[in-house]
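Trainee: A single structure is presented below for examination.
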Amino acid sequence: MIYLLVILLIPFSLWLPWWGFAVPCFAMGLKSDGGRLKSFGIGFAAVALLWFAMAYYLNIQSHGLMAKKMSDVLPLAGFSWGVFLLTSFIGGVLGGLWCLAGRWCREVFLTGHVKSKVAES
Amino acid sequence: MNWRVLLRLHRWQYHLYVFLLIVVTVTLGRSVGTAPALGPLLSPFTGFWQNKPLHLIKKNETFDWPQLQSPVTVSWDEFGIPHIFAAHDADLFFVQGYIQARDRLFQMDMTSRAGSGRLSEVIGDRTMPVDIFYVKVGMRQAVERVYQSILGDAETRLAAESYSAGVNHYVENLKKADWPVEYKLLGARPRLWDVKDIAAVYMVMNFRLSGRTYDLWLAQHIQKFGYEKIRKIFPEVMPDEYGEPYPKGQNTLPQRQGVPATSGFDRIPKFQNWPSERYIQPFATNGSNNWAVASTKTEDGHTYLANDTHLKFHLPAIWYEQQLKSPSMNVYGASIAGTPGLQIGFHKQFGWGVTNGTPDILDWYEIEIDEKNPKKYKFLDQWLEMTTTTEAITSKSGQSTQIELDETRSGLVYSREAQLALTFRWLGATPGNELKTFLNLSRAKNRTDCQKAMVHYVAPVQNLICADTEGVSMHHMGKAPKRLNPGGAYIQDGSKPDPTWETLVGIEELPKTEDPLAGFVYSANQLVHDSRYRYYLSWDYDESYRAKRIRSYLENLGGQTDIIGMKSLQTDDQNLHAGDILPAMISAVSDQPDLSAPQQQLLKSLSEWNFHMRADQWEPSFFDAWWKLFEESLYAQELGPKLKNAYPRIQHTVKLIQQGLEGHSDRELYWFLDLKDFEPITSHIESLMLMSFQAAWKQLSDRYGADPRNWSWSQVQKTSVPHLLNLKGFGRFDLLKHGSRYTVDVNNGENGAVWRQIVKIGPNFEAHTNFPGGTSGNPFSPQYDAFVDGWAKGEYRKIHFLEEPMSFQLEDK
């Protein structure tokens, strides 16, 4: 699931503004069979992974200067890895939350069509 | 209650969640206050991760756009310097604009905005004071005038329009992900370039070099103490010994008849509401050195030309280095990013160099205004109406300010109070077509062309060297008010016309020398004429320590001029000021009983110092601290702290002190000292020297420890090259750099040689350059600050001067 999402993220990130990744995350959440935690996890992992990998690759192209210098510009005390962590974290959290939004959307609007894990009381 | 029922999401909770999530997402996509928009900034698809450096992947480029008449090739050498080859001038400037935009877009934008008072639109409230100041001094109107003069001449119009079109060709095709990182951090966007922006960049440099308002500070002293006392320590006519006139050549300068009149200027200004913005302060370290040795004097028969310009250190570097070749020119040199052509350049048969001339082209006046109608002022006994223009300044935050510019017959109003106003006139506000001069210099083949190029130039006045294979000359290039007397040093009576501004002194009458007998020319912002010269250009030049050092070095070289000698002089850190005064200071305190053993030891070592301001030595730090404290102890009581008040020129202080120590008896001359009734001047000065010695010792020990070996000069005077926006991650700090305020290699930690060139003109042509920066303005590029370390060490690059495009083996890291 995660890898499918990662692949889907790419065209949406390239052709939409920076928040474009929210769309496939939401869609993945709609389709998700798992619970809420799992949905969040899929979104988080996919975006964090993709953003980290891209950032890492792009950073190499500048011989490490991007992460190093931005860690001084942002309040990260010169800790280059902090820039990667922040990047993955922000992207991951947003991705996870949007995936969760998709999962909840289905739960709220489409419960009739899906086997719900929560027993009706 | 079944907790699972509670956990089941209700619709309204879901809607709230999505709403909040949208709010969070949108907020992360906007900049909040000074914090950047984190979402787009950190995304590897749109953020700073996308600002990959260009210079790692560039090789020779050939541009074949429809806008060009024929293809243009750019050869990038191993230093990352571009060499542009075009078959038409318009194409040359187009591509120059394109690559400068590609490398330095943000910097160009900021420079232009500084000149138009529009920084706050992009940076925010914190630059409002700067914008307000530049609008108040009439920069927008001055920019408009330069703009019109550029458009009014076919040659400059072509260059400026082609250049702007080239910049825009880059900007128009720029994707959001490729915006320079500073825009991403500021939450701002790049904009299109216009000829007016070129005018604004020119005006920024103009003001930086000629917007000296020291007259205001002097006026405040005169109000307090009167002319008699002030003249003693601020001589209106700078004594010849403080200057270095151009070496004598065939030219005779217009001579004055009689002694300059000083009476008639005992008019004490009444104004009280003195402006105090820091931009009003004199820009002391914006100057430069240049010199040239004629081929007739050198053993190898080549003419040597050297120029290093002194401005504030920052990244990206002010100067952009390149070679430009078209049918009308083949020239290498430096241009201010954002302008077509070059401002400093050379080729195999000719070169030119500039230093700031510093004549006073900004005069202040006092006018009477009508208390009940502040737009009415008195002129020739009539009440006239000011002409008001309103300018708006807006900030990124939405805050906006209106500035009213009031024009009078005596200039622009700057400061007001109930019944009086201060106005000023600045010649830089009515410039000529300086761009045309620089374009003509870029095309010049020899000194004749060089001299012809000068006619379009008005401000700021420069000491221009023209050097070709035959010889050298130097001209005070520009115009200045035609003063026979020292009036321009004071606040003058604005109720009547000032005849000195009605006709101006031009190149024909300003100082110059062609084919000097000494075989060389030189300048370092010093007084360039003696007291027999007819006109009064300024009361306030830079100290001539650097100029004297350059002259004596060139005299000693004789014909043995070579590249190494030129480099050695350009990076020379001998402090003539220390040589002048330190021995007297040391002997004044040496016999004092209050000194501790370590202090006596220090004095002994100090007396063996060779006056070189080396980064790794402690002697420069001690001398610097001792002198500063001593100087302050002389004047602070009467004149106030040096930071906020005019102090006498250091050469004059040194002379006063030397005379005082020798037993000069005129107590009126030393009115500023707190002398007791029969106290000899000598012992008073000696006790001040001792006091400041102790204070210097304490200051350095407290800060750096008791061992003088911890007081290294580069520790005490930290040299930094900060980023334009002062972002710590993008600057370079704590460089190991020699030099101080008065050494040839000027360095006060923040200002110094931002461009260095040494050119050997003739058949065995070679040229060496360096500057504290790099080609690229992208902080993530190795080309951003590639030259900083070498420059700090005093190293140079031997440049490539190409006749046709060439492929270079790019540096592989």
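The values are calculated or read from the model by the stated rules, or taken from the named source; none is laboratory data. Keep in mind that what you see is a predicted model, and the values were worked out from it rather than measured. Don't worry about glycine lacking a Cβ; one is built from the backbone with ideal geometry, like all the others, and counts go over all protein chains shown. Surface accessibility is based on the protein's heavy atoms, side chains included, excluding ligands, DNA and RNA. Shrake-Rupley method; radii C 1.70, N 1.55, O 1.52, S 1.80 Å.
Trainee: Which angle from 0 to 90°, rounded to the nearest 10, does the C-alpha axis of helix B:597-607 make with the longest principal axis of chain B?
Mentor: The answer is roughly 90 degrees.
Trainee: May I pose another question? For a test of the definition: using alpha carbon positions, the gyration tensor, and the 1.5 limit on a/c, classify chain B as rounded, prolate or oblate. Kindly include the intermediate steps, with their values, before the conclusion.
Mentor: Working: a/c = 1.37, a/b = 1.26, b/c = 1.08.
Verdict is rounded for chain B.
Trainee: Same structure again: Would you mind giving the total buried accessible surface between chains A and B, with a 1.4 Å probe and ligands, DNA and RNA left out, rounded to the nearest 100 Å²?
Mentor: Numbers: alone 8100 and 32870 Å², together 37060 Å².
So the buried area, both faces added, is about 3900 Å².
Trainee: Related question: What average number of partner chain Cβ atoms lie no more than 10 Å from the Cβ of the residues making up A:80-89? Numbers along the way, then the final one.
Mentor: Details: counts 0, 0, 0, 3, 1, 0, 3, 8, 2, 1.
Neighbouring Cβ atoms belonging to other protein chains average 2 per residue here.
Trainee: Another question about this same structure. What is the local net charge at B:Val721, summed over the other residues whose Cβ is closer than 13 Å to its Cβ (Lys, Arg +1; Asp, Glu -1)? Don't skip to the end; give the middle numbers.
Mentor: Working: positive: B:Lys312, B:Lys718, B:Lys728, B:Arg732, B:Lys737; negative: B:Asp734, B:Glu750, B:Asp785, B:Asp789.
Summing Lys/Arg as +1 and Asp/Glu as -1 gives +1.
Trainee: So what's Rg/Rh here for the stretch B:668-740, counting alpha carbon atoms and using the Kirkwood radius for Rh? Present the calculation step by step, with values, prior to reporting the outcome.
Mentor: Values: Rg = 19.5 Å, Rh = 15.9 Å.
The Rg/Rh ratio comes out at 1.23.
Trainee: Mind listing P(r) for the stretch B:441-492? All alpha-carbon pairs, 5 Å bins, whole percents.
Mentor: 4, 18, 23, 18, 13, 8, 7, 6, 2, 0
Trainee: Can you give the FRET efficiency for B:Glu804 and B:Glu509, using 1/(1 + (r/R0)^6), R0 = 35 Å, r = Cβ-Cβ distance, to the nearest 0.05? Intermediate results must be reported in sequence, preceding the final value.
Mentor: Numbers: r = 44 Å, r/R0 = 1.27.
In this case the efficiency is close to 0.20.
Trainee: If you don't mind, there's one more thing I want to ask. So what does log10 I(q)/I(0) come out to for the stretch B:91-213 at q = 0.12, 0.17 Å⁻¹, using the Debye formula with one equal point on every Cα and no solvent?
Mentor: -0.46, -0.89
Trainee: Expressed as an acute angle from 0 to 90° and rounded to the nearest 10, what is the orientation of the C-alpha long axis of helix B:195-210 relative to the principal long axis of chain B?
Mentor: On a 0 to 90 degree scale, this one is about 20.
Trainee: Across the residues of A:58-68, average count of Cβ atoms on other protein chains within 10 Å?
Mentor: Per-residue shielding by partner chains comes out at 6.
Trainee: Let me ask another. Just to compare against my own numbers: the Cα pair-distance distribution for the stretch B:502-552, 10 Å bins, whole % per bin, please.
Mentor: Reading the bins upward from 0: 20, 49, 28, 3.
Trainee: What do you get for Rg/Rh of the stretch B:690-813 when both radii come from the Cα atoms and Rh is the Kirkwood radius?
Mentor: Working: Rg = 19.2 Å, Rh = 17.5 Å.
So for the stretch B:690-813, dividing Rg by the Kirkwood Rh gives 1.10.
Trainee: Mind checking the per residue accessible area of chain A for me, 1.4 Å probe, whole number of Å²?
Mentor: That works out to 51 Å² for each residue.
Trainee: Now for a separate question. Given R₀ = 41 Å, FRET efficiency for A:Tyr3-B:Asn60 by Cβ-Cβ distance, to 0.05? Walk me through the intermediate numbers first.
Mentor: On the way: r = 42 Å, r/R0 = 1.01.
E(calc), rounded to 0.05, equals 0.50.
Trainee: If R0 is 30 Å, what FRET efficiency do you get for B:Ile403 and B:Gln382 from their C-beta distance, rounded to 0.05? Each step should come with its number before you reach the end.
Mentor: Working: r = 27 Å, r/R0 = 0.90.
For R0 = 30 Å, the calculated efficiency reads 0.65.
Trainee: Please compute the per residue accessible area over the stretch B:336-400 with all protein chains in place, 1.4 Å probe, rounded to a whole number of Å². List each step's numbers first, then the result.
Mentor: Values: 2440 Å² over 65 residues.
Per residue, the stretch B:336-400 has an accessible area of 38 Å².
Trainee: Next up: For B:Lys224, go through the aspartates and glutamates and keep the ones whose alpha-carbon is under 16 Å away, minus same-chain ones fewer than eight residues off.
Mentor: Result set, ordered by chain and number: B:Asp215, B:Asp266, B:Glu638.
Trainee: Moving on. Leaving out ligands and nucleic acids, note down the accessible area per residue over the stretch B:14-169 with a 1.4 angstrom probe, in whole Å².
Mentor: 35
Trainee: A follow-up question, please. Tally Lys/Arg at +1 and Asp/Glu at -1 over every other residue whose Cβ is under 14 Å from the Cβ of B:Thr390; what's the total?
Mentor: Details: positive: B:Lys136, B:Arg140, B:Lys375; negative: B:Glu391, B:Glu404, B:Asp406, B:Glu407.
Residues near B:Thr390 contribute -1 overall.
Trainee: Separate question: Give, as ranges by residue number, the residues of the stretch B:492-513 whose backbone N falls under 20 Å from the point 7 Å along Cα→Cβ of B:Gln250.
Mentor: Under cut-off, by backbone N: B:507-513.
Trainee: Angle, helix B:681-704 long axis vs. longest principal axis of chain B, Cα atoms, 0 to 90°, nearest 10?
Mentor: Here the helix axis deviates by roughly 30 degrees.
Trainee: Just add up the charged neighbours of B:Met477: K/R +1, D/E -1, any other residue whose Cβ is under 15 Å from the Cβ of B:Met477.
Mentor: Details: positive: B:Lys436, B:Arg447, B:Lys452, B:Lys479, B:Lys512; negative: B:Glu434, B:Asp449, B:Glu508, B:Glu509, B:Glu514.
Neighbourhood net charge equals 0.
Trainee: Grab every C-alpha pair in the stretch B:560-630, bin the distances at 10 angstrom width from 0 up to the longest one, and report whole percents.
Mentor: 18, 45, 23, 11, 4, 0
Trainee: Could you work out what % of the accessible surface of the protein assembly as shown is carbon and sulfur, using a 1.4 angstrom probe and leaving DNA, RNA and ligands out of the count? Display every interim value, and only then the final one.
Mentor: On the way: 20410 of 37060 Å².
Taking all protein chains in place, the protein assembly as shown shows 55 percent carbon and sulfur surface.
Trainee: Sticking with this structure for a sec: Given the convex hull over the Cα atoms of the stretch B:616-718, what projected area results after averaging over all orientations, in nm²?
Mentor: If I average the Cα hull's projected area over directions, I get 7.2 nm².
Trainee: Taking 24 Å as the cut-off for C-alpha to C-alpha distance, list the pairs among B:Lys396/B:Lys718; B:Lys175/B:Lys312; B:Lys229/B:Lys312; B:Lys270/B:Lys378; B:Lys229/B:Lys676 that go past it. Can you show the working numbers first?
Mentor: Details: B:Lys396/B:Lys718 33 Å; B:Lys175/B:Lys312 32 Å; B:Lys229/B:Lys312 35 Å; B:Lys270/B:Lys378 15 Å; B:Lys229/B:Lys676 18 Å.
Violating the 24 Å limit, Cα to Cα: B:Lys396/B:Lys718; B:Lys175/B:Lys312; B:Lys229/B:Lys312.
Trainee: Let me ask something else. Quantify how much of the Cα-Cα distance distribution of the stretch B:12-75 extends past 19 Å, in percent.
Mentor: Roughly 62 percent, rounded to a whole number.
Trainee: With unit charges on the beta carbon (Lys/Arg positive, Asp/Glu negative), name the residue among B:Leu384, B:Gly411, B:Leu441 whose Cα is farthest towards the positive pole of the charge dipole of the stretch B:356-457.
Mentor: Of the candidates, B:Leu441 comes out farthest on the positive side.
Trainee: A follow-up question, please. What is the distance, in nm, between label points placed 7 Å from the Cα along the Cα-to-Cβ direction at B:Leu174 and at B:Phe765?
Mentor: 3.4
Trainee: Limiting things to C-alpha atoms, what are the Rg and the maximum Cα-Cα separation (Dmax) for the stretch B:300-443, in angstroms?
Mentor: Rg, Dmax (Cα atoms, Å): 22.6, 74.
Trainee: Still on this structure, please answer the following. Using the crude model of +1 on Lys and Arg Cβ and -1 on Asp and Glu Cβ, and no other charge, please compute the dipole size for chain A relative to its Cα centre, in debye to 20.
Mentor: Numbers: 9 positive and 4 negative charges, 31 e Å.
For chain A, the charge dipole is close to 140 debye.
Trainee: Between B:His664 and B:Met691, what is 0.36 nm times their sequence separation minus the Cα-Cα distance? Round to one decimal in nm. It would help to have the intermediate numbers written out before the result.
Mentor: Numbers: separation 27, 0.36 × 27 = 9.72 nm, distance 2.15 nm.
The span from B:His664 to B:Met691 would gain 7.6 nm if fully extended.
Trainee: I would also like to ask the following. When the expected Rg is taken as 2.2 N^0.38 Å, what fraction or multiple of it is the alpha-carbon Rg of the stretch A:27-75?
Mentor: The reported ratio for this selection is 1.62.
Trainee: In Å and from the alpha-carbon atoms only, list the Rg and Dmax of the protein assembly as shown.
Mentor: 31.9, 113
Trainee: Now for a separate question. Is chain A best put as rounded, prolate or oblate by its Cα gyration tensor, with a ≥ b ≥ c the root eigenvalues, rounded for a/c under 1.5, and otherwise prolate when a/b is larger than b/c, oblate when not?
Mentor: Working: a/c = 3.29, a/b = 2.37, b/c = 1.39.
Verdict is prolate for chain A.
Trainee: Normalise the Debye intensity by I(0) for the stretch B:736-776, one equal point scatterer per Cα, no solvent, then take log10 at q = 0.14, 0.20, 0.25, 0.30 Å⁻¹ and round to two decimals.
Mentor: For the stretch B:736-776, the Cα-only Debye profile gives -0.44, -0.73, -0.88, -1.02.
Trainee: Across every pair of different alpha-carbon atoms, what Kirkwood hydrodynamic radius in Å does the stretch B:133-291 reach?
Mentor: Working: mean 1/r = 0.0476 Å⁻¹.
It is 21.0 Å.
Trainee: If the limit is 18 Å between Cα atoms, which of B:Lys248/B:Lys348; B:Lys325/B:Lys567; B:Lys445/B:Lys760; B:Lys52/B:Lys728; B:Lys452/B:Lys548 go over it?
Mentor: Details: B:Lys248/B:Lys348 27 Å; B:Lys325/B:Lys567 27 Å; B:Lys445/B:Lys760 15 Å; B:Lys52/B:Lys728 20 Å; B:Lys452/B:Lys548 30 Å.
Distance filter (> 18 Å) returns B:Lys248/B:Lys348; B:Lys325/B:Lys567; B:Lys52/B:Lys728; B:Lys452/B:Lys548.
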